[in-house]
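Data first, discussion second: the structure below is written as structure tokens.
The values are calculated or read from the model by the stated rules, or taken from the named source; none is laboratory data. Bear in mind that the values here come from a model prediction, so they are computed numbers and not experimental data. Quick reminder, even Gly has a Cβ in these numbers, built from the backbone with ideal geometry, and neighbours come from all protein chains shown. Each accessible area value is taken on the protein alone, full model and side chains, heavy atoms only, with ligands, DNA and RNA left out. Shrake-Rupley method; radii C 1.70, N 1.55, O 1.52, S 1.80 Å.
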Amino acid sequence: MRDIGARRGGGGPRRLGVLGAAAFCVLAAACAGQGRPHHGAVPQMSGSAFGAEVSESMRRMHRDMAAAPVTGDPDRDFAAMMIPHHLGAVDMARAVLLHGRDPVLRRLAQEIVVIQRQEIDVMRRHLGTAPTPTPAPATPAPATTTPSGTATPSATATPSGTGTGRARGPGPGGAATGPTVAVSGRDRVYTADQTSNTVSVIDPSTNRLLGVIRLGDPVPASLNPLYKGQLLVHGLGFSRDLRTLAVVSIASNSVTLIDTATNRVKGVVYIGRSPHEAFFTPDGKQVWATVRGQDYVSVIDPVGMREIRRVRTANGPGMVLFHPGGRYAYVPSSFTPEVDVVDTRTYRVVARLPQASPFSPNLSVSRDGREVWFTLKDSGTTQVMSGTPPFRVLTTLDTGPITNHVTLVDNVNGAFAYVTVGEENVVKVYRRDGANPRPVATIPTGDLPHGVWGSGDGTRVYVGLENQDAVLAIDALANRVIATIPVGQQPQALVYVPRAVPSGPGTSGLVPLGVAGRNGHIALIAPGGDRRKGHATVSVNSLGPLDLLEMAVSGLRPGETYTLWLTDTRNAPYGSREALADFTANIAGAQVVQAIGLLREPLTPANADRDRRRFLVVTKRGATEPVLLQRTP
């Protein structure tokens, strides 16, 4: 066939592929019962929400089928074009489930979703194993060992687990998870670095830090009354078109909008006291930011750069995400044991569900909108609720003290939830099955795992390590760590944005870590080394002339008050002691404690400064007997 193509002017396989694509479109149209090729004009549906969703899914299907690579291999070309065709059918079926009422058609739609997703998985597996003309991946670099003892390839290695999903618009769930698309150098992983007031930017195709976006200065410069930068950079969200990042800074009460292609700040909107997280509505027209220091969600116009209304919720709203269809917003609370469901058309709370405890910092919504998972940091639990009426809590999981964030991932192995658990320094993986999720893996991470997000195709999961100033890349098909990447200080929220950079290197506006790269990490253990009696991880980050110490402690007596001391020696009677902080253990016997001072060099000195070394000790308040002692090498 190549010789024949050459005699006709070259490009034989390409011409065959185009003709094959046209013939396939006719076949696909017949399969759909439309009686015309898929490459024809998309019919305009009525102005209803259902009509808009179906029209969009058809446009996406036509576009992705036309964009499918053609190779002349009938098997590969069939699978490449049939995948977006099936995805279009799944989208239409989900729209019927959301808006339709006929029980027979709803049952048929459910079967379409299940069966066609199974067929999509078969075709994706074929594309992942069939011969391909693209070059083979680079040979992985030699393995190294992470602080947790897990053997991992070097960050320069090309990780396994890259997906084969075809690119398409976000579709159902896309407002929170991104499009179903294979990992590439156009994707970006972002972390909100609370202490260095930066946003770290990672290329997941190489698992390398490209640099940071500096939004503010570290302490003490940021405490100046004339300071204009952002302070306590903490939350992250992104737009449906993947072109805008929303960054929440707690202490400066702001949402900063950043262009993902250029890393340029587009504008800053100042809102109420202590906002926590923000996300774009599925239509991209609004940004909803939870104002955790008060009792409402701030609704922002991202074009006009201003707050346009407030949605009243339970006191202390922690995070907001949306149903894929855009009808509902889910808002758990950080101060009240209540998660609210808001109708986005009326801006009114339509359901109030009980939380197992008051402090929920994070949630995740499944791509089909049927499940909402939210974490409870104070009680160490994770709850699962239904994402559609009648809203109800389906189950409560005991995930462990300092349960931080959760992300829901779909891949060829099934549907999963990844939960970061700070007390155990692990990510716990659950197979999702409605009211009966079951644990399938526990992945050691490093110090205080916090933010977590999956790639568009579900083959990777990225985890921010708050007390290790690093991000882990996890192969979600094998549930193993494949890279450890240094980032800014104390990463909090983390998001994965597929196709964030449409062209070019996407590195303009980025700067090196600088002072954010100077840090120290230590651990505290109970006398005798019994982990059940308490343990802690500590990061000490340079702020320039000062340092910030953060300790994540667990295994203590709930409700008991303790003191963190800086001492001359770790042996009784500990010499001179300086109290750094008093704190009270929460209901799970855990807490996160902070202190500021000249701490990094005395606690983690260079060899020449060993004689100046100081140590950390924890006692019950008013007592001298140690509960925790700094572990020494």
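At a glance:
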read-out	value
Condition met for ALA329 (in contact (Cβ under 8 Å) with a residue 40 or more places away in the chain, more than 30 Å from THR507 (Cβ to Cβ) and part of a strand (DSSP E or B))	yes
Segment 498-521, subset surrounded by fewer than 23 Cβ atoms within 10 Å (Cβ to Cβ) and assigned to a strand (DSSP E or B), residue modelled with the highest pLDDT	VAL511
Residue in segment 561-576 that is among the basic types (Lys, Arg) and either surrounded by fewer than 18 Cβ atoms within 10 Å (Cβ to Cβ) or closer than 28 Å to VAL421 by Cα (or both) present	no
Segment 183-201 - residue that is within 13 Å of the chain's Cα centre (by Cα) and farther than 12 Å from ASN263 by Cα and, of those, surrounded by the most Cβ atoms within 10 Å (Cβ to Cβ)	THR191
Any pair with Cβ under 8 angstrom, 6 or more apart, that starts in segment 217-230 at a residue that is free of Cβ contacts under 8 Å to residues at least 12 places away in the same chain and surrounded by 14 or more Cβ atoms within 10 Å (Cβ to Cβ) and ends at one that is not acidic (Asp, Glu) and not in a helix (DSSP H, G or I)	TYR227/GLY216
Any hit, segment 284-291, residues being open to solvent by 10 Å² or more (accessible area, probe 1.4 Å) and more than 28 Å from LEU210 (Cα to Cα)	yes
Some residue of segment 601-619 being modelled with pLDDT under 90 and open to solvent by less than 10 Å² (accessible area, probe 1.4 Å)	yes
Residue under evaluation SER196, criteria (1) closer than 30 Å to GLU56 by Cβ; (2) modelled with pLDDT under 95; (3) among the small types (Gly, Ala, Ser), criterion not met	(1)
Enumeration of residues in segment 455-481 that are farther than 21 Å from VAL212 by Cα and under 12 Å from the mean Cα position of the chain (by Cα)	GLY456, GLY458, ARG460
Matching residues in segment 73-107 - criterion: being closer than 12 Å to VAL54 by Cβ, free of Cβ contacts under 8 Å to residues at least 40 places away in the same chain and touching a Leu at 6+ places or on another chain (Cβ under 9 Å)	ALA93
Strands (runs of 3 or more DSSP E) fully within segment 540-599 counting 2 or more residues that are closer than 18 Å to GLY622 by Cα and modelled with pLDDT of 90 or more	561-567, 577-584
Strands (runs of 3 or more DSSP E) enclosed by segment 376-459 - at least 2 residues per element that are of a type outside the set (A, V, I, L, M, F, W, C) and open to solvent by 10 Å² or more (accessible area, probe 1.4 Å)	381-386, 393-398, 403-411, 426-431, 438-444
Evaluation of VAL255 against (1) modelled with pLDDT of 95 or more; (2) open to solvent by 10 Å² or more (accessible area, probe 1.4 Å) (one fails), failing number	(2)
Residues being within 22 Å of ASN541 (Cβ to Cβ), among the small types (Gly, Ala, Ser) and within 16 Å of the chain's Cα centre (by Cα) - total across segment 482-508	1
Residues satisfying the stated conditions in segment 332-363, i.e. under 15 Å from PRO282 (Cβ atoms) and part of a strand (DSSP E or B)	VAL342, ASP343
Flag if GLN492 is open to solvent by 10 Å² or more (accessible area, probe 1.4 Å), among the polar types (S, T, N, Q) and under 21 Å from LEU548 (Cα atoms)	no
Exclusive hit being open to solvent by 50 Å² or more (accessible area, probe 1.4 Å), over 23 Å from SER554 (Cα atoms), at pLDDT 95 or above and hydrophobic (A, V, I, L, M, F, W, C), set VAL372, VAL350, VAL365, VAL339	VAL350
Count of segment 278-314 residues which are over 22 Å from ASP241 (Cα atoms) and either in a strand (DSSP E or B) or of a type in the set (S, T, N, Q) (or both)	9
